[in-house]
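Read through the structure below, which is laid out as structure tokens, and then see the notes.
Read-outs: derived from the displayed coordinates by stated rules, not from any lab. The model shown is predicted, which means the values in this text are computed figures rather than measured ones. In this analysis, Cβ positions are derived from the backbone assuming ideal geometry, glycine residues included, and neighbour counts consider all displayed protein chains.
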Amino acid sequence: MNRKPRPSKKNSNAHDLLSDWRQHLLTRRQLLMAAAGGSLAAMFPLLSNAAVTTVTTKADKAPDTYDTWTTIDAVQQHLFPKEDKAPGAREINALGYLQFVVTDTTLDTDSREFITKGAAWLEGMAHELYKTSFTKLDAKQSEKVLQRIASSEAGENWLSTLQLYIVEALLTDPVYGGNTDQRGWQWLQHVPGYPRPPADKTFPSLLP
């Protein structure tokens with residue numbers, strides 16, 4: 001039987017911090033949902049349902065549709081950009097890790113939908129301000145849209161949730177989709193514990 005490696009004090013602190021962060025976001029989200037009458041959609045007080053679910057523009061008579069994950073990828077890169085000596089969201093595959101999280105059935109449905117519905121809300125805001133998709137904005141425009149989103153409690157919670165999973169992608173074992181080629185560990189000069197989980201022994205596969 002494989003034993004879990006004893007985490008170092010540094011790793012324990014990081015794990016505790018992420019757990020506390022996640023619990024805070026979840027608790028706050030539950031309070032927001034209760035205030036919204038238990039409706040996830042009502043947490044996003046931005047535009048009409050049509051504006052959020054049908055993100056189009058009549059420019060050149062061609063619809064400007066958006067893809068949820070392309071939008072989230074753009075947000076992640078803005079929140080955690082690449083630097084000269086540091087990986088960014090794309091280099092650690094933060095998007096792949098978040099997709100792993102969203103497809104994990106052990107995560108409650110509201111938490112999974114909260115992530116994807118937030119992308120629709122963001123696109124609605126981008127269209128309200130600039131008449132185009134968030135993915136087509138420059139850095140200054142993107143910042144303005146994100147600042148507007150963050151001005152509400154639901155929006156701040158959504159962005160904090162994305163930031164949480166970026167940090168997890170930075171620290172996770174690559175078997176879970178993030179931390180590609182151990183780039184996060186290399187940047188942090190972290191030595192992982194052993195034994196590391198094989199691909200067929202990740203925690204979702206071990207659940208009954």
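Per Stokes-Einstein, at 10 °C and 1.306 mPa s, what whole-number D in µm² s⁻¹ belongs to the stretch 67-147, with the Kirkwood radius over Cα pairs as the hydrodynamic radius? Don't jump to the answer; show the numbers that get you there.
Values: Rh = 13.4 Å.
After rounding, the answer is 118 µm²/s.
For each of Tyr165, Tyr130, Tyr194, count neighbouring Cβ atoms within 10 Å of the residue's Cβ, then give the residues from fewest to most.
Working: Tyr165 24, Tyr130 17, Tyr194 7.
In order of increasing Cβ crowding within 10 Å: Tyr194, Tyr130, Tyr165.
Cα centroid distance between the stretch 65-100 and the stretch 110-151, in Å?
So the two Cα centres are separated by 14 Å.
Under a straight-distance cross-link criterion of Cα-Cα below 19 Å, which aspartates and glutamates are reachable from Lys140, leaving out those fewer than 8 residues away in the same chain?
Answer for Lys140, where 19 Å is the Cα cut-off: Asp73, Glu83, Glu123, Glu128, Glu156, listed by chain and number.
Between Ala199 and Gln30, take the C-beta separation as r, use R0 = 41 Å, and let me know the FRET efficiency to the nearest 0.05.
Numbers: r = 34 Å, r/R0 = 0.82.
Here the calculated transfer efficiency is 0.75.
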